[in-house]
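Here the structure is laid out as structure tokens; the discussion comes afterwards.
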Amino acid sequence: MAANLGWRFTDADDFHAVANIAKMDQGSPLDDGDPQPWRQRLFGAEWGSPRSMARSPPKSMNNAQWGL
């Protein structure tokens, strides 16, 4: 999709803390508090250009928490 639109693609998992990435690599789900620094990095980033992003938050998070 991003390529068709001429946008950059960003994998949101790249913004996770090292500890969260290790947890996910082991197949462990993230706790509710784990994504907080991740969200802060995503929403605080200077993007500079349109982009498409993939995300898969913990099941306990819903779209209302994202403002969707």
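The residues of region 16-41 that are at pLDDT 85 or above and under 15 Å from Ala54 (Cα atoms) amount to a single one, His16. On the given criteria, is Arg8 in contact with a strand residue (DSSP E or B) (Cβ under 8 Å, 6 or more places away or on another chain), surrounded by 10 or more Cβ atoms within 10 Å (Cβ to Cβ), of a type in the set (D, E, K, R) and modelled with pLDDT of 80 or more? For Arg8, the condition - in contact with a strand residue (DSSP E or B) (Cβ under 8 Å, 6 or more places away or on another chain), surrounded by 10 or more Cβ atoms within 10 Å (Cβ to Cβ), of a type in the set (D, E, K, R) and modelled with pLDDT of 80 or more - is met. Looking at region 11-50, which of the residues that are touching a Leu at 6+ places or on another chain (Cβ under 9 Å) and not in a helix (DSSP H, G or I) is surrounded by the most Cβ atoms within 10 Å (Cβ to Cβ)? Here the residue is His16. The residue that is farthest from Arg51 (Cα to Cα), counting only those in region 1-10 that are outside any helix (DSSP H, G or I) and hydrophobic (A, V, I, L, M, F, W, C), is Met1.
The values are calculated or read from the model by the stated rules, or taken from the named source; none is laboratory data. Owing to the predicted nature of the structure, the values given are computational and were not obtained by experimental measurement. Backbone-built Cβ (ideal geometry, glycine too); neighbour counts: all protein chains shown.
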